[in-house]
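Reading through the structure tokens given below for one structure.
What follows is calculated from the coordinates using simple rules that are stated; it is not laboratory data. Everything quoted here is computed from the prediction, not taken from an experiment. FYI the Cβ positions are ideal-geometry reconstructions off the backbone, even for glycines, and counts take in every protein chain you see.
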Amino acid sequence: MTKFKYYLFFMLSLCFSTSIYADITTENFRIIKAPEVAKSTAGYGVIKNTGDEDDTLIAIHSDKAMVMLHKTEVNADTGMAKMVHLSKTVIEAHSELVLEPMSYHLMLSNFADGFFNDNEIIIVWFEFEKAGKMQVEIPLKASWETMDSQSDDHSHHQHH
């Protein structure tokens, strides 16, 4: 009977500990339309963690393209910029990860249909260690400047 009590206590504590996840949301995501000759393009937006726990972005994928999280780093001596692939990124509690030019950004390549079409919505899956998978519908925009319009935000997210 004592083993049963320990087992029951363990199972109940496990249920309560896994039900408290970081609250992840996205805002103002855009994928920049690349010229037809381009082999890649970038995506920008904001990932917010409004929860009380840090969470780690562990994977990103889409059926339309290969998607990676990159960070642009500039060498202080040479002024040369390079992109660094990040396989995991921690988003601290009550903070945000801003994806913008010359900083963190999504890198999309190997387009499934050759290239994206005007006004296309690209579905991207973000997977977090605690929050799980999140589907984000990201609109294709002609340029970075279109991100400044908050009223034109059509990005949506769903947890799965």
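Taking the Cβ of residue 112 as the centre, find all other residues whose Cβ is under 10 Å away and add up their charges (Lys, Arg: +1; Asp, Glu: -1). Can you show the working numbers first?
On the way: positive: 64; negative: 63, 113.
After counting each charged neighbour, the total is -1.
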Neighbour-count ranking for 111, 116 (other C-beta within 10 angstrom, fewest to most) reads 111, 116
Estimated vicinal HN-Hα couplings, Hz - segment 131-141 in sequence order (Karplus 6.51, -1.76, 1.60; Gly, Pro = x): 6, x, 8, 10, 8, 10, 8, 10, x, 7, 10
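Counting only C-alpha contacts under 8 Å and six or more residues apart, can you give the relative contact order of segment 22-159 as a whole percent?
Working: 338 pairs, mean separation 44.6, N = 138.
Averaging sequence separation for qualifying contacts and normalising by length gives 32 percent for segment 22-159.
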What does segment 22-159 give for Rg and for Dmax, in Å, if only its C-alpha atoms count? 14.7, 44
